[in-house]
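Rule-based calculations on the coordinates, nothing more; no lab input. On a predicted model such as this, the values are computed, not experimentally measured, just so you know. Glycine gets a Cβ as well: all are built from the backbone with ideal geometry, and neighbour counts include every protein chain shown.
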Amino acid sequence: MKLSYTYVFVIILFQLTGCFNQSVYREEEDSARFEPREYYRNHIRFSDAGYYSATSLADEMKREITNENLVKHAIVIKQDKTYIVALQLKAYHYKKGLILSSQYKKYWEEKWKVPIEVTYTPSDYRRAENLLKTKKRA
């Protein structure tokens, strides 16, 4: 008799602690994955709220420009109040770089009201890489 109470108690304990598949911490395709203590925290990106910090704005720029099929890599650096976006284009697409850079420059300046420079030459990209490396060391 005591053994059956023990089994019932263990099953109820598992159900209350959420160890079965019907857990409180559901995994859906569109939801973020949470650790147990993060489940009730508010998870919202700054860009969704309309607020852009320097890092979130740079991340947003990098995310948008790398979705373009001509761009291989992108580096976004903030110097003074200007954002510098250095692009590394895929091979044989440098002629389209001027059109792409002017298009994104105009779009971002209208969207975020900040001065932006977009470069696509290989020497500018290498210069931005070196600048990024030296900034990390400092």
In nm, the gap between the two label points placed 7 Å beyond Cα toward Cβ at residue 4 and residue 77 is 7.6
Taking only the alpha-carbon atoms of the stretch 51-137, the convex hull volume per residue, in cubic angstrom, is 91
Here, residue 132 and residue 15, labelled 7 Å along Cα→Cβ, have an inter-label distance in nm of 5.4
Once phi for every residue in the stretch 83-99 is put through the Karplus expression 6.51 cos²θ - 1.76 cosθ + 1.60 (θ = phi - 60°), the whole-Hz ³J(HN,Hα) values, with Gly and Pro written as x, are 9, 10, 10, 9, 10, 10, 7, 6, 4, 6, 10, 6, 5, 7, x, 5, 5
